[in-house]
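*Asks:* Sharing a structure here in structure tokens format.
Please treat every number below as a calculation from the coordinates, not as lab data. The model shown is predicted, which means the values in this text are computed figures rather than measured ones. Neighbour counts are summed over all protein chains in view; Cβ atoms, including those assigned to glycine, are modelled from backbone coordinates with ideal geometry.
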Amino acid sequence: MAVTRGFVGRRTADSSRVPPGQYVTRDFPVLSAGPTPYTPLDAWDFTIRGGVDRPVSWSWTEFQALPHEKFTVDIHCVTKWTKLDMAWSGVSLDTFLDATPTQAAYALAFSDGGYTTNIPLADLRGGRAWVVDEYDGRPLDPEHGGPARLLVPHLYFWKSAKWIRGLDLRAADQPGFWEMFGYHNYGDPWKEQRYYGD
Amino acid sequence: MERAALLRRLTWQTGTVISTTFETPRVKTITLAVPDWRGHRAGQHLDVRLTAPDGYQTERSYSIATAPTDEYLSLTVERLDDGEVSPYLVDELRAGDELEFRGPVGGHFVWDNDFGGPLFLVAGGSGLVPLRSMLRYHRAIGSRVPVRVLCSARSLELLIYREELMEMATYDLVDVSITLTREAPSSWRGYRGRIDPMLLSMAGWAADQMPLTYICGPTAFVETAAAGLVALGYDAARIRTERFGGTGV
């Protein structure tokens, strides 16, 4: 390991919560590949399609009526920032997936604006993933993915698709937007799976 | 086929600092000699990794400032007062030092000649860095794609690549507009004030010319520019953005 001349660095107090190569920020950075879409709530729905008997959709009103959980998690972005103790409210993916029996093993999340990202279905079950519509006690801002985004905190944040509109369930894995551009297919921050081959 | 070409494992490598140059009092360009650089596309970035004597490491991403056709690889880094890496890079790093990095990274915020045009490049502050790579590349390959550039800076003194922009503005195919948001010399004949739809419509292309647009800058700047262009009728699918910093939340 080559030491960088003259570099001392700052250590984070609670380094057990910070994955390798990450730094803690108090800010909430924004990264998006294009303009922020603004979809009216009466035109919004969340759809599970693909490997299901028939596609199932929830309107905004139906989504609002589903049981919401409030939870606090740490978020790790592949661009190196980690933000601790982020407070969200949303609907567990289990709630949606319990209503849509499937043999599929993979999901391709799709969003307004054309963004996609792929996640093994097992990672969306078991209370580890949500569709969130509230951050810090307030409706989710459009630049942070509002009205609703996917939240999969145990993977790098690009897997938590902003402006989520649904899941395409598949028997075979298909890389999404950033995965096609050389980002890691799975994206475990604790294994520092940033890019292809990591 | 393109995907196969992009999917190469990114290993850490070391470059030697050839020179460091102040662009403004807080922004420095670091030029690296890299023995076996695999090449990059205009607009891509690098991950830089610093290692302390006790083995502590930290990483940050920086846009590549030079074109794929340039001899050396340069990064332009803005010093963030509360930063961990940028103060080191701006204050401490000097010619002869070695810097560890891997890349190139990113495949969306890139420009190639065959993407068509006309091209509209919109930069807020140091968001100009990846766009400078595109402009240098555009020039180096003799592209015939017409380009309009809109740069927003607080003052003329804080505008990076000033001389280079002025020179680029003399090319037939490149128009450069600058807006100064805080202070302007009394003789200033460019734009003043923050970007808004009026300024975007004057400095950019008409929507029916189907421009390809790249916007880079702080989050609020990019949100304003992208939303303004969509409101002017620009095709959202032909607007590519790269943001830095947060929303202060």
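*Asks:* If you find the alpha carbon centre of the range B:71-133 and of the range A:51-65, how far apart are they in angstrom?
*Replies:* Distance between centres, Cα-based: 43 Å.
*Asks:* Further question: So if I place +1 on the C-beta of Lys and Arg and -1 on the C-beta of Asp and Glu, and nothing else carries charge, what would the dipole magnitude of the range B:93-213 be about its Cα centre? I want it in debye, nearest 20.
*Replies:* 280 debye
*Asks:* Considering chain A as a Gaussian network with a 10 Å cut-off on Cα pairs, which listed residue, A:Tyr135, A:Tyr38, A:Tyr156, attains the greatest mean-square fluctuation?
*Replies:* Most flexible of the set in this elastic network: A:Tyr38.
*Asks:* Over the alpha-carbon set of the range B:2-105, divide Rg by the Kirkwood Rh and report the Rg/Rh ratio to two decimals.
*Replies:* Rounded to two decimals, Rg/Rh equals 0.96.
*Asks:* Can you give the mean number of other chain Cβ atoms that lie within 10 Å of the Cβ atoms in peptide B:7-17?
*Replies:* Average per residue, whole number: 3.
*Asks:* Top mean-square fluctuation among B:Pro146, B:Pro68, B:Pro185, Gaussian network model of chain B, C-alpha springs under 10 Å?
*Replies:* It is B:Pro185.
*Asks:* Using +1 on the beta carbon of Lys and Arg, -1 on that of Asp and Glu, and nothing else charged, what's the dipole of the protein assembly as shown about the Cα centre, debye to 20?
*Replies:* The dipole magnitude comes to about 420 debye.
*Asks:* What would the Debye formula give as log10 I(q)/I(0) at q = 0.17 Å⁻¹ for the alpha-carbon point model of chain A, no solvent?
*Replies:* -1.17
*Asks:* Can I ask one more? Sum -39500 (n - 2.57) across every DSSP H segment of at least 4 residues in chain A, then divide by the residue count to get the 222 nm mean residue ellipticity, nearest 500.
*Replies:* Per the formula, -1500 deg cm²/dmol.
*Asks:* Looking at the calculated P(r) for the protein assembly as shown, what percent of the C-alpha pair distances fall above 37 Å?
*Replies:* Summing the P(r) tail past 37 Å for the protein assembly as shown gives 26 percent.
*Asks:* Give the Rg/Rh ratio for chain B, taking Rg as the radius of gyration of the Cα atoms and Rh as the Kirkwood radius, to two decimals.
*Replies:* Value, to two decimals: 0.96.
*Asks:* Can you give the average number of partner chain beta-carbon atoms within 10 Å of each beta-carbon in peptide A:142-152, as a whole number?
*Replies:* Going residue by residue through A:142-152 and averaging, the value is 1.
*Asks:* May I ask for the Kirkwood hydrodynamic radius of the range B:113-244, worked out over all distinct Cα pairs and given in angstroms to one decimal?
*Replies:* Over the range B:113-244, the inverse of the mean reciprocal pair distance is 14.7 Å.
*Asks:* Tilt of helix B:219-231 relative to the longest C-alpha principal axis of chain B, in degrees (0 to 90, nearest 10)?
*Replies:* 30 degrees
*Asks:* Then there's this: Can you tell me the 0 to 90 degree angle between the C-alpha axis of helix B:128-140 and the longest principal axis of chain B, rounded to 10?
*Replies:* Taking Cα atoms only, the helix is inclined about 80 degrees.
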